[in-house]
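These notes concern the structure reproduced below.
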Amino acid sequence: MKVLRGACVLASASLLSCARPSGVGGVWSGQASDAAGRVQIVTLALTAEGGRLTGTIAGPPPDSGHPILNGRIDGNHLSFEMHRGPSATPAVFRFAATISGDRMQGTATNPSGMKIAVSLARERSGSGAEAPAGSPAFRHTRAARAGEAPGASPPSPTGADPVPQDAQAAILAAWGKYEVVAIGSVAHGTQDLDNLILDLLRNPRLPGTVQDIAVECGNARYQPLLDRYMAGAAVPDSAVRTVWRNTTQPNCSFSSFYDRFFPLVRRLNQHLPPARRFRVLAGDPPVDWSRVRRPEDRRPMGDRDGSIAGVMEREVLAKHRRALMLFGINHIRHGEAAVGRYEARYPGVTFVIGDHHGFGDLTPLARYNDDLERRMSSWPVPSLVTMRGTWLDNLPAGYYDPDDAGCAARGYPGVDAYLYLGPRDLLLMEAAPAADVLDTALIAELRRRAAATGGLGGPANPETIFRRELLSGVFLQDSAAEVAAGARP
């Protein structure tokens, strides 16, 4: 579950019909509301087996969404997780609630740590206990129980045809109008996107165009060490690896992109005069893992977007430098997260690029992906298009982000341009480097961190990462875990 842009509060998911057992089992419906007063209908279908909880969670149709994961029951308390996004780097939403009779009260915590109040009631006779007939909640519950799907015909969005441009040339040209170009989601599973960035770095036009490269997989605590490394100082490989291995995100420790990125920028700097060298900026909070021994010690890790925004303001915008930002897309959209924070003081300076990894990914809308991709069949690979005024800007937002599937917005909220890397089914999956997986000291430390922060069994545990690696194929969309969970149509 996740606080969303616009009117949506929670990430949507699907509801599978199931018999109503006693206790926690059954269908629960109600609402979730955040601190800003935004409300969204939520429905749970739960099955209890001893202390284990399984089932599904649903928001507004037409989503067909996600099973709950790591579900547990302890007396009248329950907890579970929901994972959204690419299987290699999912966003994790945590739910905890208490049941009293036919009422459920609890909280949903999104990946940024924001708490959302959830209030549900057990359904009776197949309709929502708190939803009168004819209300949106009633229609949602009945539609979800019936497995309502999107329309039978593919969408026909209106608008001009986008004009594709050579991706590197268009990205470089953007710095003629903007101080910052932000590209998402680099190092989040798509090998083709990683390759594009590595090629861009080697473009002889980039030095002098850009001074700074801000990255998600970089612990700001090590910025002085990173500066020395990029300046060509004798920094051992074992020391510089702490920059991306000691972040708040365990997936960074297994990133083949960052294993290549940092040495490549250092090598490029060795062939450039000092005035044209790149500075790499670490955006993740300055966490000292040696001091993290219990879940309470995680507090300094919480405000990742605040850390990113602070680095960008101090080191780039206040100094009138130009930068390339490499982060997950939800950190860089206009009006929210990190970019949204600094835009209050520095409006209009950032050009945000989202990458194509299929339309309607992880929702029933994915059935229309091939129809929409036919409109792009003549586009060069890779290419970049601006979205404003085109049919891309007229598609419902759920075609770009499953978390937006219940929202009324159209286009890709907070995104200026769309990066086409080829058809969804041909995109390659970024694999974890074997040397990192076999690094026993690294694995032991990551296990310690997971135990210290209460992450055992969750995405912070190396075993979770290894399991995803085993279940993922060569292609980005060939994840056995997603297929088994019913997340793909």
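The values are calculated or read from the model by the stated rules, or taken from the named source; none is laboratory data. Just so we're clear, the structure is a prediction, and the values are computed from it rather than from any experiment. Glycine gets a Cβ as well: all are built from the backbone with ideal geometry, and neighbour counts include every protein chain shown.
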Checklist line | Qualifying positions in segment 400-424 - at pLDDT 90 or above, within 19 Å of Pro90 (Cα to Cα) and out of contact with any helix residue (DSSP H, G or I) (no Cβ under 7 Å at 6 or more places or on another chain) | finding: Tyr400
Next item on the list: Among the residues of segment 388-443, count how many are assigned to a strand (DSSP E or B) and aromatic (Phe, Trp, Tyr).
Entry: 2
Check: Taking segment 72-85 as the region of interest, how many residues are at pLDDT 85 or above and either under 13 Å from Leu362 (Cβ atoms) or surrounded by 22 or more Cβ atoms within 10 Å (Cβ to Cβ) (or both)?
Finding: 3
Margin query: I'm trying to understand the selection: among the residues of segment 227-236, which are under 29 Å from the mean Cα position of the chain (by Cα) and either more than 19 Å from Leu198 (Cα to Cα) or outside any helix (DSSP H, G or I) (or both)?
Written below: Asp227
Checklist line | Breaking point among (1) closer than 17 Å to Val186 by Cα; (2) of a type outside the set (Val, Ile, Thr); (3) out of contact with any Cys (no Cβ under 9 Å at 6 or more places or on another chain), for Leu326 | finding: (3)
Next item on the list: Return the only residue of Ile213, Ile197 being in the same structural domain as Thr350 (by TED's automatic domain parsing), within 24 Å of Leu427 (Cβ to Cβ) and part of a strand (DSSP E or B).
Entry: Ile213
Margin query: Can you tell me how many residues within segment 281-318 are assigned to a helix (DSSP H, G or I) and of a type in the set (A, V, I, L, M)?
Written below: 7
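Output the residue which, of all residues in segment 314-343 that are within 23 Å of the chain's Cα centre (by Cα) and farther than 22 Å from Asp194 by Cβ, is surrounded by the most Cβ atoms within 10 Å (Cβ to Cβ). Walk me through it before giving the result.
Of all residues in segment 314-343, those within 23 Å of the chain's Cα centre (by Cα) come to 323-343.
Remaining after also requiring farther than 22 Å from Asp194 by Cβ: 334-336, 340-343.
On the way: His334: 19, Gly335: 13, Glu336: 19, Gly340: 18, Arg341: 19, Tyr342: 21, Glu343: 16.
Ranking the qualifying residues of segment 314-343, first place goes to Tyr342.
From the list Leu324, Leu372, Leu365, Leu317, exactly one residue is in contact with a strand residue (DSSP E or B) (Cβ under 6 Å, 6 or more places away or on another chain) and not assigned by TED's automatic domain parsing to the domain that holds Asp478. Which is it?
Numbers: Leu372 fails: in contact with a strand residue (DSSP E or B) (Cβ under 6 Å, 6 or more places away or on another chain); Leu365 fails: in contact with a strand residue (DSSP E or B) (Cβ under 6 Å, 6 or more places away or on another chain); Leu317 fails: in contact with a strand residue (DSSP E or B) (Cβ under 6 Å, 6 or more places away or on another chain).
The unique qualifying residue is Leu324.
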Notebook entry, point to check: Are any of the residues in segment 433-444 over 30 Å from Met312 (Cβ atoms), free of Cβ contacts under 8 Å to residues at least 60 places away in the same chain and among the acidic types (Asp, Glu)?
Noted result: yes
Item checked: Set Ala121, Ala88, Ala108: member being modelled with pLDDT of 80 or more and either crowded, with 20+ Cβ neighbours inside 10 Å or on the phi > 0 side of the Ramachandran plot (or both) -> Ala108
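Here is a yes/no grid of residues against (1) under 25 Å from Leu362 (Cβ atoms); (2) aromatic (Phe, Trp, Tyr); (3) at pLDDT 95 or above:
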| site | (1), (2), (3) |
| --- | --- |
| Ser135 | no, no, no |
| Arg139 | yes, no, no |
| Gly147 | yes, no, no |
| Pro155 | yes, no, no |
| Pro162 | yes, no, yes |
| Gln168 | no, no, yes |
| Glu179 | no, no, yes |
Check: Scanning for something in the same structural domain as Pro207 (by TED's automatic domain parsing) and either without any contact (Cβ under 8 Å) to a residue 60 or more places away in the chain or part of a helix (DSSP H, G or I) (or both), does segment 350-358 turn up at least one residue?
Finding: no
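Look at Arg241 and say whether it is surrounded by 16 or more Cβ atoms within 10 Å (Cβ to Cβ), within 28 Å of Asn203 (Cβ to Cβ) and free of Cβ contacts under 8 Å to residues at least 24 places away in the same chain. Full working, then the answer.
Working: surrounded by 16 or more Cβ atoms within 10 Å (Cβ to Cβ): yes; within 28 Å of Asn203 (Cβ to Cβ): yes; free of Cβ contacts under 8 Å to residues at least 24 places away in the same chain: yes.
When the stated conditions are applied, Arg241 passes them.
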Next item on the list: Check off (1) buried (at least 19 other Cβ atoms within 10 Å of the Cβ); (2) in a helix (DSSP H, G or I); (3) in contact with a helix residue (DSSP H, G or I) (Cβ under 8 Å, 6 or more places away or on another chain) for Ala366 and give me the number that stays unchecked.
Entry: (3)
